[in-house]
Structures are given as C-alpha cells and as structure tokens.
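Participant: This is the structure, below, for whatever I ask next.
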Amino acid sequence: MYKKITRYIYNFIFHLFYKEQWCIVITNKVSGETKVIKPPLDRFWADPMVIKEGDLYYIYIEELEYYNNKGYLTVFSLNETDLIPEKIYHNIINKPYHLSYPHTFMYEGERYMIPESNRNKSIDLYKMTTLPDKWVFVTTLFENVIASDTVVFFHDERWWLFTTLKDEAKGYTALNNLHIFYSNDLINGTWTSHVMNPVVLGKHHSRSAGPIYLKGDKIIRPSQNCRKRYGQSVVLNQITRLTIDCYKEEIEREIIPSLDSQVGLHTYVECGDLIVTDGMFRRHRWNVEKQERIITHYSKGAIVSIKGNKGFISFPSSEAINPFVKILNTHLSGLGWTERKDKVWLKPYSLFKIRKEVKILYFHWPESIWRSSSFIISGVKALSFIIFLYYCKLIGIKLVFSRHNVLPHYKPGNKYLEYFMRRWVLKYFDLVIDHSRNAQSSFDDTFKVKPRRRVLALHGLYDKYYQFNCTQNEARVSLGLPSDKCIVLLHYNQNSYKGSLPFLKSWCKENRTDFLLVIGDLTDEVVSLISDYNNCKIIKNDVIEISGTVEYRYLSEEMLLKNIIAADYVALPYVDITTSGAYFMAISYDKPVIAPDLPFFKLHTTPQTALLYDAKTNKIGNAINKIHNGWRIDKKELAALKKEFDWNESASQIAKSFDKITGYA
C-alpha cells in the first residue's frame, strides 16, 4: 500500500511539470546525423512507416490529438540531406474510429497500406492513387478481429500476415502474442491460420514494431519489448524458418532509448539511407521551446519542432458540412498552419490559455454568429461578437475573413445591421481573403472600405476529393434518365439570389425538347410549374439532420456527383454572386455551365468553356440555340483554365499572408 501511494504521488507531481510525448526520430546511416521531429504539445506522432520516391522520403505516421484521443493518418516529406520535413499532409485517412500503424508495402507495382483499425474490429487494405496523400479503400482482409500492428511479407510465393490478436477468453492481450496467417493471393485469397499459432507468446518480443525487411540474406522482424512498460524498447528478430508448418526466429539485438529525455520507442524502420523510429520523450509543460514557430535546423542530435504554435481556429471548422472549409484547412495544415478544434467562442479564458498555440481566428461566414429572426437578439449577438474580437486583438490573436459573397445568402433580418457588421469586419480585421477575381471590386463598390491587408486565393476544384467511378451512361441508367438527349442540370434553391425560379419559367416558355434535370429543395409551386413539361425529372434533396435541425440544402455527395456526371450542362442562373462553389464543382468534372454574364462568370470562364446569356434580359434561349447549332466545350481550353484553380497555390498564398500578419515571415 505504501509503495502504491508513493507511486501515485510521484506520478501526480511528475505530470504537473512534465508530459510524455511520442515523437519521430530520424537517423542518416551514412552521416550518423540524428534529428527528433517534435509535434505540437496538443498531440503525438508515432508508428512511422517510410516510402522512398526519388530523392524524397515520405514518412507516414499516426497523429493523435489529445482532446479527442482518436488517431488518424498523416504523412510528411523530407530529403535525406538535411532531414527537415518539407510538407505535411494531415488527415490523409480519417475514420470515425481510431487509426494507427500505417504499414505500407508494394504489391504488383502498386503501393498499398494496412493501417491498424482494431477498434473497428477489422484488418483493412488501402491502395494509393496519388503520391503521397490519396488512398482508396480496397477490401477488408479480416472481420470481427481485434488485431494490432499488422504486417504483411511476401516469401516463398506466399503472402504472410503477422499480427497480434486480443482475445480475453484465451488470455491474449494486445501485447503478448504473435499470430501468422498465409495466403496465395493478397486481395482475393483465403487466409489460413498457421498451425503453430500463436507462434510467439510473451510481452518481450511478440507485437510487431515495423515492417519485416531483408538485410543481406537475413529476414529481420522488428518487435516490441513491453515487458516492463509499453514501448520499453525494440527487439530485432531474425526469422530462421517460415513455412506453413513451422516458424522459428532468433533474437538478434535490442534497441533501447538512447537520446536525451527519451524514455521509450516501439517502431523501427530501415529505408534507403535512413533509419526512422519513434520515441517517447519527456517534455516540460511550462518551458516549451519558444521557437516552435519554424523548423529549426541544427547539426547532430538536433531537435526539430514543426511549427508547433502556428495554429488557427476556423469558423466554421473543417467538420462542417461545407467541403470548401475542410479541403482548404487540410491544405493549410500541410503548410504548417494547423487547425485547432478548441471550443473558444465567447470563452475568453479558454482562448487565453491557448494563445501561444492559436494565433488566428479565421471566419468564413461570420453572419451565422449573430443571425436571428429577432433584430434585438441579432443586435446583442453582434455586440458580443465585436467585444469578443476586441479582446482577441488585445491578447495578440489575429482576425481573418474570407470574402465569399458580398451579403449573406439568406435573407437578412435587418439589412442595415448586416451592412454595418460587414463593414466593421472589413475595416478592423487583419486580413481579408478573396476567392474570386471579382470579389475586391464587388466589396469595394458596396462598402467603400479598404481592408488592411488583402490576398487573392482562388477557389479550387473538387475532382481529386470527390471521386465517383462511373461513366455518364451508367449514371443516367442509375437515375432513370434518357441516354440519347442533351441533359441540363439545375440545382434548384429557393433563395432569390440563385435565380432558379425565373430560369425555370424561361425554360418552360422556350418549350425545348432538351431534357431538364432538376434537383434540390423543390416547392409545390415548382413541381406544379414543370408538371406539364415532359422532358424533365425531379430529384428532391436528401434530408440531413444536423444538431436537431433539418438541413435540406445539400444532397449527399454520391447523389450530387451522380447527377453532375449524368448531365451535359449545368445551369447556374444566379441573380447575383461573388464566388460560386457550384461553378467550380461543375468544371471539376468538365461540365460547361449555362450562366448569366455576371462579373464572376466573365472573369472565370472563356467563350469556349461556358455559355453566358444576358443577365438583364434573362434570355436563356440564346444559350440553348448555341447548343443546337453545334457548340461544344473546348477541352484543351478547359484544361488550361482548370490549372488556375489550385488548392495548393491558394493555400500557399494564405499561409504566406498568415506568416506576415503573425510575424513569422
């Protein structure tokens, strides 16, 4: 009892001052140089796996943020000369359940991955589509198993799968056993349990600690030594016999923690000239390196901190339903500006505690903060918003606003309040971001305010992020659409700025033989209007429940993409628009738009890639006549146009501006 109490008091005092954190350790075998890559204090990085491509190494890791205790997969690139990470891609695979140990390997000339997903009770296989961050699910190799740190290895014309299984009934834990399965076919074959399973028992060298590799004529299997504590050390085992009826291995050597403040490791990978491991380090909670804002270069034994306090909080966050925010924030994270999910809104003390890590509050649609059907309530919320932001500026937080549209899409409860608040934001925020070429003139003409700093970061495309593998004809068959007609897609919306209803009325007057596909939030008036129009199909929105409310605005990604792929043209009959995400969605899949000649469309299309009609007269018939007269999109011109809308370039411009306003440049 005395020892337990003493240990409890010691641990309590220790964790008041120190934090044990998993980091990545990289050693160049030629030069002997070693560097420790430390993540921010709000997370850990572990389980590194390595791919070498040309002169670059890609380090795949488990990233876990302590606030939700759920891991996801991240990758960063570096070169072997200076061992400095060049670019970080966060959330390359993120599931509702915990992911870790991203074991990568080659199969038939392609790169595959098996991450640990034991909380999903499965062993899943993924395939790389684009180096380094695009992976697609292939198949589930095992179901209803709690498996940890799975490794596959091709030997003697078979695939061998090594894993640790948890089975309380048999006394198997996540640390004390090693099971082997084999198959003649990695993807479609049947996996057979080895007759000696479990082939290893005990915590000293059972669980995998990295990929199996060849060293000369030796087969080396790294394993974890967890006899005294989890991640105590790594043991390298030589496999001396591996057949369907026999398995033998011998311990070759043990690798123990040897760097300053290092107390553990549990992954070991050799690739090219690098040895990559993870390490648990003791870090002082109250004396964190102040210069974590940049990658600092040292010589041997360096400690490298990856922009640890370059954090921002986004409103809305990347978890919101709008894909723009999620994609942009992911790219910003890859450039060192990490999105934080802390709940700080109207919580001054919560924000004060993380002010050293969070440097920016980034607003996309701030009007949602003060929006209310009551003018009085809206006014109180708006005043609270202003007071809170003055407090943010007082403690050194910078304010950023993305100018998507001049005024909100919804009908404001009081247009004077909306005008005042937009003008205040433009005047007092530290940075304004435009996502279209016409945004600056539109806002300047309306509000007569010049922002303190402005940057142009054009909207990106969606085809790399939302993939639907079917042909146009397959999509039409699935939706019950004719295969022999020209189909125009209209995503109907009741908001007046969309211009959907006037477009429908004009369309019906034209009485064309073209097929109109209408999707969206359809009213009885709309259904009645087009009920006599034979060449039409209506698809209503999916109903999505969000925080107790019902959202009709968005179709599911699968349904929306299927409709876009099925169509020949996409109608965007806006009355007024500053930036149109629907336009970028359409051209992402090579669909020309039919739209009014508003400034946005004039500046982001060409006569060879879009059909524009007079916005004042709303004569869509002229655009339809061009189609009947043989107008077709110029694919070369469209391909050149699409290169202008790149998420990487936009995020780079924003990250540079973030650096300037926060003093990191």
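The values are calculated or read from the model by the stated rules, or taken from the named source; none is laboratory data. These numbers were taken from a predicted model, which means no experiment stands behind them. Neighbour counts run over all protein chains shown; Cβ positions are idealised from the backbone, glycine included. Surface accessibility is based on the protein's heavy atoms, side chains included, excluding ligands, DNA and RNA. Shrake-Rupley method; radii C 1.70, N 1.55, O 1.52, S 1.80 Å.
Participant: For a quick check of your reading of the filter: which trypsin sites (Lys or Arg not before Pro) in the range 416-482 sit in a DSSP loop and have no more than 10 other Cβ atoms within 10 Å?
Facilitator: Passing sites in the range 416-482 are 448.
Participant: Which Cα, out of 457, 475, 420, lies furthest along the positive dipole direction of the range 406-481 (beta carbon charges, K/R +1, D/E -1)?
Facilitator: Going by the charge dipole, the pick is 420.
Participant: Given a 1.4 angstrom probe, what's the average accessible area per residue across the range 550-665, in square angstrom?
Facilitator: Value for the range 550-665: 44 Å² per residue.
Participant: What net charge do the residues around residue 177 carry, taking every other residue with its C-beta under 13 Å from that of residue 177, with Lys and Arg at +1 and Asp and Glu at -1?
Facilitator: +1
Participant: May I ask you to compute the full-extension gain from residue 154 to residue 602, defined as 0.36 nm times their residue separation minus their alpha-carbon distance, rounded to one decimal in nm?
Facilitator: 155.6 nm
Participant: With every protein chain kept in the model, how would you rank 450, 310, 218 by accessible area, 1.4 Å probe, largest at the top?
Facilitator: Reading off the accessible areas and sorting them downward yields 450, 218, 310.
Participant: Per residue, how much accessible area does the range 136-236 show when a 1.4 Å probe rolls over the protein heavy atoms, in square angstrom?
Facilitator: 46
Participant: Using heavy-atom solvent-accessible surface (probe 1.4 Å) with all chains present, what is the largest-first order of 572, 56, 383?
Facilitator: The ranking, largest first, comes out as 383, 56, 572.
Participant: On the accessible surface of the chain, probed at 1.4 Å, how many percent belong to carbon and sulfur atoms?
Facilitator: Roughly 51 percent, rounded to a whole number.
Participant: Add +1 for every Lys or Arg and -1 for every Asp or Glu among the other residues with Cβ under 9 Å from the Cβ of residue 457, and state the total.
Facilitator: Taking every Cβ under 9 Å from that of residue 457, the sum is -2.
Participant: Here are a few candidate values for Cα extents along the principal axes in Å: [x] 83, 60, 48; [y] 104, 56, 52; [z] 100, 83, 49. Which one was actually calculated from the structure I just gave you?
Facilitator: Recomputing Cα extents along the principal axes in Å here gives the entry labelled [x].
Participant: Please label the shape of the range 597-643 as rounded, prolate or oblate, based on the square roots a ≥ b ≥ c of the eigenvalues of the alpha-carbon gyration tensor (a/c under 1.5 means rounded; beyond that, a/b larger than b/c means prolate, else oblate).
Facilitator: Here the range 597-643 falls in the oblate category.
Participant: Still on this model: Once you put a point 7 Å from the Cα of residue 484 and another 7 Å from the Cα of residue 190, both along the Cβ direction, what distance in nm separates them?
Facilitator: Result for the modelled spin labels: 4.9 nm.
Participant: Find out how many positive minus negative residues lie around residue 587, taking Lys and Arg as positive, Asp and Glu as negative, among other residues whose Cβ is under 10 Å from that of residue 587.
Facilitator: Neighbourhood net charge equals 0.
Participant: Shifting gears a bit: Would you mind getting me the FRET efficiency between residue 55 and residue 465? Use the beta-carbon distance for r and R0 = 35 Å, nearest 0.05.
Facilitator: So, using R0 = 35 Å, E works out to roughly 0.80.
Participant: Another question, if that's okay. Before rounding to the nearest 500, sum -39500 (n - 2.57) across all DSSP H runs of length at least 4 in the chain and divide by the residue total; then give [θ] at 222 nm in deg cm²/dmol.
Facilitator: Helix-only estimate at 222 nm: -7000 deg cm²/dmol.
Participant: State to the nearest 20 debye the size of the charge dipole of the chain about its Cα centre, where the only charges are +1 on K and R beta carbons and -1 on D and E beta carbons.
Facilitator: So the magnitude is around 2700 debye.
Participant: I'd like the antiparallel share, as a percent to the nearest 5, of DSSP beta bridges with both residues in the chain.
Facilitator: Given both bridge residues lie in the chain, the antiparallel proportion sits at roughly 70 percent.
Participant: Can I ask one more? Label the range 208-276 by shape, choosing from rounded, prolate and oblate, from the square roots a ≥ b ≥ c of the eigenvalues of the Cα gyration tensor; if a/c is under 1.5 it is rounded, and otherwise prolate applies when a/b is larger than b/c, oblate when it is not.
Facilitator: oblate
Participant: Pulled fully out, how much extra length does the chain show between residue 375 and residue 79, if you take 0.36 nm times their separation in residues and subtract their Cα-Cα distance?
Facilitator: 100.8 nm
Participant: List the GluC sites (Glu not before Pro) in the range 580-665 that DSSP assigns to loop (not H, G, I, E or B) and whose Cβ has at most 15 other Cβ atoms within 10 Å. Which are they?
Facilitator: Answer by residue number: 644.
Participant: Pick out, in residue order, every one of the GluC sites (Glu not before Pro) in the range 141-244 that is DSSP loop and has at most 14 other C-beta atoms within 10 Å; say none if there are none.
Facilitator: Here the GluC sites (Glu not before Pro) that fit, given the DSSP loop and packing criteria, are 157.
Participant: Between residue 122 and residue 416, what FRET efficiency comes out of the Förster formula 1/(1 + (r/R0)^6) with R0 = 60 Å and r the beta carbon distance, rounded to 0.05?
Facilitator: 0.60
Participant: Test of understanding: express the Cα radius of gyration of the range 142-277 as a ratio to 2.2 N^0.38 Å, with N the residue count.
Facilitator: Rounded to two decimals, the normalised Rg is 1.05.
Participant: Follow-up. Going by the alpha-carbon gyration tensor, a ≥ b ≥ c the square roots of its eigenvalues, is the range 307-386 rounded (a/c under 1.5) or, if a/c is not under 1.5, prolate (a/b greater than b/c) versus oblate?
Facilitator: Because a/c hits 1.5 or more and a/b fails to exceed b/c, the range 307-386 counts as oblate.
Participant: Right, something else. Please give the solvent-accessible surface of residue 590 in Å², to the nearest 10, using a probe radius of 1.4 Å with every protein chain present.
Facilitator: Spelled out: residue 590, probe radius 1.4 Å, area about 80 Å².
Participant: So if the hydrodynamic radius of the range 334-486 is defined as the Kirkwood radius over C-alpha pairs, what does Stokes-Einstein give as its diffusion coefficient at 10 °C and 1.306 mPa s, in µm² per second?
Facilitator: 86
Participant: Subtract the Cα-Cα distance of residue 251 and residue 9 from 0.36 nm times their separation in residues, and report this length gain in nm to one decimal.
Facilitator: This chain segment gains 83.3 nm when fully extended.
Participant: Angle check, please: helix 557-566 long axis (alpha carbons) against the longest principal axis of the chain (alpha carbons), in degrees 0 to 90, nearest 10.
Facilitator: 50
Participant: Now for a different question. Suppose all protein chains stay in the model; what accessible area per residue would a 1.4 Å probe give for the range 436-496, in Å²?
Facilitator: Computed with neighbouring chains in place, this is 53 Å² per residue.
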